[in-house]
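The values are calculated or read from the model by the stated rules, or taken from the named source; none is laboratory data. Just so you know, these numbers come straight off a predicted model, no measurement behind them. Backbone-built Cβ (ideal geometry, glycine too); neighbour counts: all protein chains shown.
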Amino acid sequence: MFAKTRKVIVVLSSGALLLATAGCGGNAAPVESTGTSPTPTATASSSPPTSSPSPTAKPTPTPVPASSKGPAKNWPVPQMPEAAKKNSEEGIAAFTKYYFELVDYTVLTYDTKPLKAVTQRSCYLCATQIIDPADGNRGHGGWHVGGKTDLTVTLAKNAKGNAVSTFSFVREETRVYLPDGKLQSTIDPITKPKAGMFNLAFNKDGR
């Protein structure tokens, strides 16, 4: 029985996934006891009892996109669609698209946990061009702007347990800012589609 997650094992993308190094409530308070019991009275109050206020849900913080003025804030983590959990060609294609959504999220936030959860370390380019640079950038104060990927899955195949997807993609220009807000560098956009391939495997033990 397969678990409902996948992990990327191999990526071939001609070094196109480079991520640059950026500079190095509502509960009511309890009533305090006075230490004495009040004397009961025989006269009932004519006022209706007051109801306790219902707990108020905290509003979801508004996402703020990255710009020259600062990094992305409150950026939502992409959620794996149900289709991507299926052991089928449709599932392979859906997972490939989801993976690149995580790549874009990692570039903007330097949060690598969601990407690590679906990536094996043996995926060399995933580790050295995305995860490791993002981990190194986190906490330094710099940030990335842009770099969104436009992906097309060209083939999704699942034969005898060997799940493979091939794809092509282009990317927006990426700007890298230092902690003081100065533009450090610009990564040229990818306007001519780059080709890549994933070998995928279901994660059977949930790790």
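Can you name the residue in the range 146-180 that is polar (S, T, N, Q) and in contact with a helix residue (DSSP H, G or I) (Cβ under 8 Å, 6 or more places away or on another chain) and, of all such residues, is surrounded by the most Cβ atoms within 10 Å (Cβ to Cβ)? Reasoning before the result, please.
From the range 146-180, those polar (S, T, N, Q) are 149, 152, 154, 158, 162, 165-166, 168, 174; that's our starting set.
Checking which are in contact with a helix residue (DSSP H, G or I) (Cβ under 8 Å, 6 or more places away or on another chain) leaves us with 149, 158, 165, 174.
Values: 149: 20, 158: 17, 165: 24, 174: 21.
This residue is 165.
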Matching residues in the range 62-92 - criterion: being over 15 Å from the mean Cα position of the chain (by Cα) and not in a loop (DSSP other than H, G, I, E, B): 67, 70, 82, 83, 84, 85, 89, 90, 91, 92
Unmet criterion (only one of (1) modelled with pLDDT of 95 or more; (2) within 24 Å of residue 184 (Cα to Cα); (3) touching a helix residue (DSSP H, G or I) at 6+ places or on another chain (Cβ under 8 Å)) for residue 78: (2)
Cβ-Cβ under 7 Å pairs, at least 6 apart or on other chains, the range 62-77 side exposed (fewer than 13 other Cβ atoms within 10 Å of the Cβ), far side β-branched (Val, Ile, Thr) and not in a strand (DSSP E or B): 74/62
Test: residue in the range 94-105 that is among the aliphatic types (A, V, I, L, M), in contact with a Phe, Trp or Tyr (Cβ under 6 Å, 6 or more places away or on another chain) and closer than 27 Å to residue 145 by Cα: no
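Determine whether residue 136 is closer than 20 Å to residue 112 by Cα and either hydrophobic (A, V, I, L, M, F, W, C) or touching a strand residue (DSSP E or B) at 6+ places or on another chain (Cβ under 8 Å) (or both). Write out each step before concluding.
Working: closer than 20 Å to residue 112 by Cα: yes; either hydrophobic (A, V, I, L, M, F, W, C) or touching a strand residue (DSSP E or B) at 6+ places or on another chain (Cβ under 8 Å) (or both): no.
No, not satisfied.
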Cβ pairs under 7 Å, 6+ apart, first in the range 116-140 and outside any helix (DSSP H, G or I), second charged (D, E, K, R): 118/6; 118/7; 119/7; 120/7
Within the range 85-126, considering residues that are of a type in the set (A, V, I, L, M, F, W, C) and in contact with a helix residue (DSSP H, G or I) (Cβ under 7 Å, 6 or more places away or on another chain), the one nearest to residue 198 (Cα to Cα): 95
